[in-house]
């Protein structure tokens, strides 16, 4: 495992694998329909984790007790950060099951084991850290899903139509090509993964705000509530052709009316047509979600990177 040192004294762990050894394809960032770049740690992933830390520090965001989905997770660092910040449930999705098996799951386990062992050194007074060692309890419900965005709504928790039995069952309707891997319980020494091949609480007071503080919601698990409070994505909007199915999945999975989506990516992906602005345009045309630019990164020489927060109107 390699350390990823972030601002605010936060260090996460990540593994290193390559597409040749895992997928038997030439080392490449992207092979459409076969490998979607999940083995590489993209720069917007770091941007997103550091922005989430700042949002928490500024009182604009809390993961505590929330249900979180990371789409196109790859290394899974934003989802891991959500685990460490008190999310009750975190689901990781990637196009390739090989990415989940060889990289994501190992990253999650390494970071949670480090946190549980008290090896993450933080300042218990500063909001920059994860938590004080005294109060650190990292026991989220974790699942892993592989498949195409056009099909995953049948596996993932959805915001409008799932029944009480579907909420965290881990045994979804068998209709498509996707896989669900359940995280072994922390007290278990077993590394066995559950793989399924397919064909085809009471709320605390909540309020909806505008701008960067789009949503603030307290939430504990309940069979009556479905969907995700927070959806995280990094470098998922590169392909113009894939944006509609990505957005449709988000609409199915977000928990109305307070769910939010954080999207980190490049303003334009030259050669493939996508970008954060293309995704924002698609969302605005639909009219059911608002958008706020949380951060942008421009050095005058490389592609402009942005982080957007989308919220229900």
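The values are calculated or read from the model by the stated rules, or taken from the named source; none is laboratory data. Note that the structure is a prediction, hence the values are computed from the model and not measured. Positions of Cβ are backbone-derived with ideal geometry, glycine not excepted, and every protein chain shown enters the neighbour counts.
Taken as a whole, the structure leaves residue 69 outside the set of residues that are buried (at least 16 other Cβ atoms within 10 Å of the Cβ), within 18 Å of the chain's Cα centre (by Cα), modelled with pLDDT under 95 and not in a helix (DSSP H, G or I). Against the conditions (1) under 17 Å from the mean Cα position of the chain (by Cα); (2) modelled with pLDDT of 90 or more, residue 38 satisfies every one except (2).
Restricting attention to region 75-99 and to residues that are out of contact with any helix residue (DSSP H, G or I) (no Cβ under 6 Å at 6 or more places or on another chain), in a helix (DSSP H, G or I) and at pLDDT below 95, the residue that is nearest to residue 48 (Cα to Cα) turns out to be 99. Determine, yes or no, whether residue 262 is touching a helix residue (DSSP H, G or I) at 6+ places or on another chain (Cβ under 7 Å), buried (at least 16 other Cβ atoms within 10 Å of the Cβ), modelled with pLDDT of 95 or more and closer than 20 Å to residue 151 by Cβ. Criteria not met by residue 262.
What number of residues within region 268-282 are surrounded by fewer than 21 Cβ atoms within 10 Å (Cβ to Cβ) and at pLDDT 95 or above?
The number of residues fulfilling the criteria is 5.
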